[in-house]
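Below is one structure, written out as structure tokens; comments come after it.
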């Protein structure tokens, strides 16, 4: 598969060094890569390879020791902390392995939480929430709390929560890690549909072979270094 135009996320000579017990740990070691709009990209590697650290750097949740991350042509290191917060609130959706749902809130309320932070009207919040839950096939489960839902349903609520905010990107950290293969396949299908139907750029940190098969491009890390990039 060819690269479709300019990169929307660009990582240049990125390093992240942690100082632990008098020793330097190179979690990310001189990584440069490009992620393109309208693609599902996977970042893969064994546990401890630096996948989640790289995702956190892309999201501006962590600071690189050296190098730079560019989002849509803008370097993250040029943004204030307030501007980074606005970037994550308005343009980035997050999906986590452990779902990240608030246990005392219903599915509908969980999806609506990020929308409250954007000061949307009650009517628009409700419309977006119901539309997103319907899109993931959970309109009839919107009043259920997380403990009343299966793992796959909880992850679909998490996807609906990300979708309702209408982000430019979705960053997913092991979204199928707690799911069986059949349920994981359904989640991967929804992530693919986010790309094709909503033009959302999806970046997935994973070790799931099913994600690697579906991704448009796979970036492989080993001991913090980028060792391979494969296009489908």
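The values are calculated or read from the model by the stated rules, or taken from the named source; none is laboratory data. Source: prediction; values computed, not measured. We place every Cβ from the backbone using ideal geometry, glycine too, and count neighbours over all the protein chains shown.
Looking at (1) within 17 Å of residue 163 (Cα to Cα); (2) in contact with a strand residue (DSSP E or B) (Cβ under 8 Å, 6 or more places away or on another chain); (3) modelled with pLDDT of 90 or more; (4) outside any helix (DSSP H, G or I), which one does residue 38 not meet, given that it meets all the others?
Just one mismatch for residue 38, condition (3).
Just to be sure before I move on: is residue 66 more than 19 Å from residue 171 (Cβ to Cβ), surrounded by fewer than 17 Cβ atoms within 10 Å (Cβ to Cβ) and touching a strand residue (DSSP E or B) at 6+ places or on another chain (Cβ under 6 Å) in the structure I sent?
yes
For segment 104-119, give me the residue count where each residue is part of a loop (DSSP other than H, G, I, E, B) and either under 17 Å from residue 138 (Cβ atoms) or modelled with pLDDT under 90 (or both).
Here the count works out to 4.
Restricting attention to segment 80-97, and to residues there that are surrounded by 13 or more Cβ atoms within 10 Å (Cβ to Cβ) and not in a helix (DSSP H, G or I), which single residue is farthest from the chain's Cα centre (by Cα)?
Step by step, filter segment 80-97, then rank; the result is 97.
Somewhere in segment 39-46, is a residue more than 16 Å from the chain's Cα centre (by Cα) and more than 16 Å from residue 205 (Cα to Cα)?
No: segment 39-46 contains no residue that is more than 16 Å from the chain's Cα centre (by Cα) and more than 16 Å from residue 205 (Cα to Cα).
In the set 133, 163, which member is part of a helix (DSSP H, G or I) and in contact (Cβ under 8 Å) with a residue 60 or more places away in the chain?
Unique residue meeting the criteria: 163.
I need a count of the residues in segment 176-208 that are outside any helix (DSSP H, G or I), within 18 Å of residue 37 (Cα to Cα) and in contact with a helix residue (DSSP H, G or I) (Cβ under 6 Å, 6 or more places away or on another chain).
Number of matching residues: 4.
Take the residues in segment 168-227 that are over 16 Å from the mean Cα position of the chain (by Cα), surrounded by 17 or more Cβ atoms within 10 Å (Cβ to Cβ) and in contact (Cβ under 8 Å) with a residue 40 or more places away in the chain, then tell me which one is nearest to residue 42 (Cα to Cα).
220
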